[in-house]
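The values are calculated or read from the model by the stated rules, or taken from the named source; none is laboratory data. Remember, it's a predicted structure, so these values are computed and weren't measured experimentally. So basically every Cβ, Gly included, is an ideal-geometry build from the backbone, and we count neighbours across all protein chains shown. Just so you know, the surface numbers come from the protein's heavy atoms only, side chains and all, with ligands and any DNA or RNA stripped out. Shrake-Rupley method; radii C 1.70, N 1.55, O 1.52, S 1.80 Å.
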Amino acid sequence: MIICSQAACVLLLSAMRGDTRRYRTFHLHQQLTYAGVDCQIAHITTPGIAARAAAASLLVLHRVPMDGYVEKLIRSVRARGGIVLYDTDDLIFDPSAFQWIHSPDFQDPIRVRVYQAEMRRQRQTLDACDGVLVSTDYLAELVRQLGKPVWVHRNAANFEMLAHSQAAARRPADDRVVIGYASGTPTHNRDFALVTPALEAILDQYPPTELWLIGYLDLPAGLARFGSRVRTLPPVNWRDLPALLARLDINLAPLVLDNPFSQSKSEIKFMEAALVGVPTLASATNAFQFAIRSGQNSLLIHQDTDWFAGLQALMDPQFRQALGRLARADVLAQYTARACPQRGRNLERSGAAPQSSAGA
């Protein structure tokens, strides 16, 4: 176990912006601080990082690509007997997996070369570190195959997310059933295509039903015929998302199961909806199977042909409300800084069989 006697026992450094940095460093910082661990947080470009890293017992590098500067940071921590961990919540360290990324950005060959080079540099950082933190068991197994010690630190909510979710007002009950899908990146058209035929059938058979598409998604042609019953909404700030999710009755989380990038995704979509009491209909990826007890706190879809049956089951208001209540209880019990403070104390030096947990 790490003994914290220096001014900065743990230093969390990220090379990212946006939600991935928030979940993997800001939220981890809160969990560690709540657990009584001395912890600091910064971006890799923050001035004075070299001195802070040199004083740290543990340096965590979140999606930091290797270069000469990063190499020096790692050496400075090791020179004092400290340890360095690489952290990722996505499959960005295996250049051979690039073929599985379906992004419109990669129609540009220059962006392809840049991203592939970035993946190679991420792998170099992973190789240079003493161990790895990941968000899912699937990613953990891939890291183990590289011969690295690995710990599963699951993405969890912070106190501000809990407050916004608690404040989000559910709309009054009516005959309308609102199905929603939120896409945070423009890479999910193929995922959403899995559920499109079932959505068309549900909208045909249940006239009070609406579909809300939030964020980055191209509207499938087959859904356009439903006019105003299908709403497209722009991406929203994470602080505003709970109020929007609370207006849904069913949250969708389709992912292509035979895609390694899909399997590496965490259960955030389930967690965020569950915080406002909304059940999720999700593809049975590794992470969703960890979080969802199908038929109790949400529903899992194992076959592409089962989406309609899942949606049809959730047309029963009592059933979906019961799922939503238990989903919320489960998330509050497992996916908050308060639920897992002691785990933050136990980042071990050894590579012995790390345990999966909802928080580091």
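Ellipticity at 222 nm from helices only: DSSP H runs of n ≥ 4 in the chain, each -39500 (n - 2.57), divided by the residue count, give -10000 deg cm²/dmol. For residue 180, neighbours were defined as the other residues whose beta-carbon sits under 15 Å from its Cβ, and their charges (Lys and Arg +1, Asp and Glu -1) total +3. Using Cα atoms only, what is the angle between the long axis of helix 68-79 and the major principal axis of the chain, expressed in degrees (0 to 90) to the nearest 10? Approximately 60 degrees, to the nearest 10.
Taking θ as phi - 60° and the Karplus parameters 6.51, -1.76 and 1.60, the scalar couplings of segment 119-127 work out to 4, 5, 6, 5, 4, 4, 5, 4, 4 Hz in sequence order, x denoting glycine and proline.
Of the whole protein surface, residue 34 contributes about 100 Å² of accessible area at a 1.4 Å probe radius.
Taking the charge dipole of segment 1-83 about its Cα centre, with +1 at Lys and Arg Cβ atoms and -1 at Asp and Glu Cβ atoms, the residue from 55, 31, 43 reaching farthest to the positive side is 43. At a Förster distance of 30 Å, what's the computed FRET efficiency of residue 160 paired with residue 321, Cβ-Cβ distance as r, to 0.05? Here the calculated transfer efficiency is 0.70.
Amide H to amide H under 5 Å from residue 212: which residues, 5+ apart in sequence or cross-chain, H placed 1.01 Å off N in plane? For residue 212, whose amide H was placed from the backbone, the distant partners under 5 Å are 179, 180, 181, 231.
By the rule of a C-alpha distance below 22 Å, with chain neighbours fewer than 8 residues away ignored, the lysines paired with residue 148 are 72, 265.
Each of residue 170 and residue 50 was given a label point 7 Å from its Cα along the Cα-to-Cβ line. The distance between the two points is 5.6 nm. Which one, (1) 132; (2) 147; (3) 194, gives volume of the Cα convex hull per residue in Å³ as derived from the coordinates shown? Matching entry in (1) 132; (2) 147; (3) 194: (1).
Taken about its Cα centre, segment 115-246 carries a charge dipole of about 160 debye when Lys and Arg each add +1 at the Cβ and Asp and Glu each add -1 at the Cβ.
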